[in-house]
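Worksheet: the structure to be examined is printed underneath.
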Amino acid sequence: MRTSRSVAPLLAAALALSALTGTSPPAHAAAPDISVANVQAHLSQLQSIATANGGNRGTGKPGYLASVNYVKGKLQAAGFTTTTQSFSTSAGTSYNLIAELPGGDPDSVVMMGAHLDSVANGAGINDNGSGSAGVLEAALAYAAGGLTPRNTIRVGFWGAEELGLLGSKHYMNTLPTSEKNKIELYLNYDMIGSTNPGYFVYDDNPVGNTARDDLTAWYTAKGIPWEYIDVQGRSDHAAFRTYGIATSGIFSGAEARKTTAQAQKWGGTANAAFDPCYHASCDTTSNINVTALDRGADLIGHMLWLYAAKDLGGGTPPPTGGNLLGNPGFESGATVWTGTSGPITANTGRPARTGSWKLWLGGNGSSSTETVSQSVAVPSSATTATLSFWLRTDTAETGATAYDTMRAQVVDGGAVTTLATYSNVGTNATYTQKTFDLTAYRGRTVTVRFTMTEDPSLQTSFVVDDTAVTVS
C-alpha cells in the first residue's frame, strides 16, 4: 500500500472491492473454499524471489519482474490470456500484468486486482503479496472450475503502487474510453493478512455500493465483526473510482494502532499496529496471520463467483460527448497509438496546440512516409459519432502542385476510406479544427489513421493535436 501523506492513522491500509447495482445472479455454483495453503505457497514463491534478488520486489528491481513472470506463468497455464504493459518510473521500468479468462460478455467486465510491487527495503509479503496471492489463487480456482461466466473476468496486477499508484493510473489513463465504459466494477485487494488484523470495508465510493453491502453480508454470515472506513484513495481502486467506476473494498490494517474496542471484538493486541512490519524489512512470510489470510482469500473467491454470474445489465453506455480515443492529446507519448516511430514528439520545433506533445508528420525535407493510428470501438447505441482533430501546416514548397500530402483515414476491416487530404498547397500555420461524421461506423471497431507522404525536396509539416472521437 502507498504511504499516506495526510490521512488519519485509522486510514492505514487498503484492500478494495467494487460493484454496480445489479439484479440477483442466476443459478451458479457457489464459491468453493479457496485453499489458504495454495495462497501461502504463492507467498513462499514471492519470498524466494525477493531473497534471490536483493531482498525486495520493488519497481525497477529484478525481483519485481520475476514476480510478474511467476504470476503470468500461473495464469497462462490456467487458460488466461495475458498482456504485460510496461511504463517508465523514477525507479526504472515497471510493468502491469493484465489477464482475461475467455468467455463472458465482452461489454460487461468484472475486474479485480492487486499491486504486485513491494517497497525497496523488504519482500512485501503482506503488502502486497497477500492481496496478489489471494487474487491469483481465486482466479486459478475459478478457471479450474470449468464455469462459463456471464461477465468477462479480468484481473490486474499493478506495478509501482508504492511510488504513487503509478501502474493503475497508467492503465486507466491509456485505456480507450470505449474500453473503460465496459468495466462494470473493479475489485482491489491490498493487504489481507496483517498479523494483528482488523476487518474493514471501504465506504468511500460516490457510486453505488452494492458490492460493499455484499462484503458486509459475507462477514455477518460468517459471524465476523466489521467496520466501515473511508480510505481516501490510498490504493489502486482510486484510478477506477476517478473515472466513475464503482469501487469498495476491505483491508486488514497497516501502521494504525488497534483500539481497545477493536481488540475486544477482533482479538489481537490493543494499542499495537495492525501490521507492525508495514513497509519494513520484516514483512516476510513470518509477517502473516493465516486466519486473516484465509478469510480474505475466501472473500475474494466469494465476490469473484458472485459477480462473474451477476446480471449487471451489459456494458455501460458511453457518456454523451465522451472521447473514445485514448491519449488523445499525445501527452503520454506514443502510448495507445501505433505506427511509425518518431512523429509523436515534444520537440519544440513546432508548437503543440495544448500541452507539450503532438503528432508531427513530415517536416523532413526528404522522401518519407509516416503513419500513426489507433483503433476505436464506436458503440452501436450511439446516435451520432464524430471524429475531430486540430491541424497546423507549414511548408517550404511554393506553387500550386501538391508535392507533400497527409490523409485522414478510417480503416474498417480491409476497406480504407480517406476522409480528407491535406497538402503543401494552402497551408495554415494556425491550428484549425477538422471534423468528420463517423456515424456510419456504429457498432464496429475501426482504425483512425493519419498517413503522410513527403517528396525528396522541400519540407512540409503536418502537425495534429487534440484528437477525439465523440458520440451522442
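The values are calculated or read from the model by the stated rules, or taken from the named source; none is laboratory data. Since the structure is predicted, the reported quantities are computational estimates derived from the model, not experimental observations. Methodologically, a virtual Cβ is constructed for each residue, glycine included, from the backbone with ideal geometry; neighbour enumeration extends over all protein chains shown.
Any residue in region 140-155 that is among the polar types (S, T, N, Q), touching a Phe, Trp or Tyr at 6+ places or on another chain (Cβ under 9 Å) and either surrounded by fewer than 24 Cβ atoms within 10 Å (Cβ to Cβ) or part of a helix (DSSP H, G or I) (or both)? Checked against the condition, which is being among the polar types (S, T, N, Q), touching a Phe, Trp or Tyr at 6+ places or on another chain (Cβ under 9 Å) and either surrounded by fewer than 24 Cβ atoms within 10 Å (Cβ to Cβ) or part of a helix (DSSP H, G or I) (or both), region 140-155 yields no hits at all. Determine if region 345-353 includes at least one residue that is out of contact with any His (no Cβ under 6 Å at 6 or more places or on another chain), outside the structural domain of PRO149 (by TED's automatic domain parsing), surrounded by 20 or more Cβ atoms within 10 Å (Cβ to Cβ) and in a loop (DSSP other than H, G, I, E, B). Within region 345-353, one or more residues are out of contact with any His (no Cβ under 6 Å at 6 or more places or on another chain), outside the structural domain of PRO149 (by TED's automatic domain parsing), surrounded by 20 or more Cβ atoms within 10 Å (Cβ to Cβ) and in a loop (DSSP other than H, G, I, E, B). Scanning region 251-278 for residues that are in a loop (DSSP other than H, G, I, E, B) and among the aromatic types (Phe, Trp, Tyr) gives PHE274, TYR278. Could you please find all residues in region 419-471 being among the aromatic types (Phe, Trp, Tyr) and more than 30 Å from the chain's Cα centre (by Cα)? The answer is TYR422, TYR431, PHE436, PHE462.
For the structure I just gave you, tell me whether GLY233 is buried (at least 24 other Cβ atoms within 10 Å of the Cβ), assigned to a loop (DSSP other than H, G, I, E, B), among the small types (Gly, Ala, Ser) and out of contact with any Phe, Trp or Tyr (no Cβ under 8 Å at 6 or more places or on another chain). Full working, then the answer.
On the way: buried (at least 24 other Cβ atoms within 10 Å of the Cβ): no; assigned to a loop (DSSP other than H, G, I, E, B): yes; among the small types (Gly, Ala, Ser): yes; out of contact with any Phe, Trp or Tyr (no Cβ under 8 Å at 6 or more places or on another chain): yes.
In short, no.
Okay, residues lined up against (1) of a type outside the set (Phe, Trp, Tyr); (2) in contact with a helix residue (DSSP H, G or I) (Cβ under 7 Å, 6 or more places away or on another chain); (3) at pLDDT 95 or above; (4) assigned by TED's automatic domain parsing to the domain that holds ARG234:
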{"site": "THR82", "(1), (2), (3), (4)": "yes, yes, yes, yes"}
{"site": "SER88", "(1), (2), (3), (4)": "yes, no, yes, yes"}
{"site": "THR93", "(1), (2), (3), (4)": "yes, no, yes, yes"}
{"site": "GLU100", "(1), (2), (3), (4)": "yes, no, yes, yes"}
{"site": "ASP107", "(1), (2), (3), (4)": "yes, no, no, yes"}
{"site": "ASP117", "(1), (2), (3), (4)": "yes, yes, yes, yes"}
{"site": "GLY122", "(1), (2), (3), (4)": "yes, no, yes, yes"}
{"site": "ALA138", "(1), (2), (3), (4)": "yes, yes, yes, yes"}
{"site": "GLY145", "(1), (2), (3), (4)": "yes, no, no, yes"}
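Scanning region 81-102 for residues that are over 19 Å from ASN56 (Cβ atoms), small (Gly, Ala, Ser) and surrounded by fewer than 17 Cβ atoms within 10 Å (Cβ to Cβ) yields SER86, SER88.
Considering region 53-80 alone, what residues qualify as being out of contact with any Leu (no Cβ under 8 Å at 6 or more places or on another chain) and surrounded by fewer than 16 Cβ atoms within 10 Å (Cβ to Cβ)?
Result: GLY54, PRO62, ASN69, GLY73, GLN76, ALA77.
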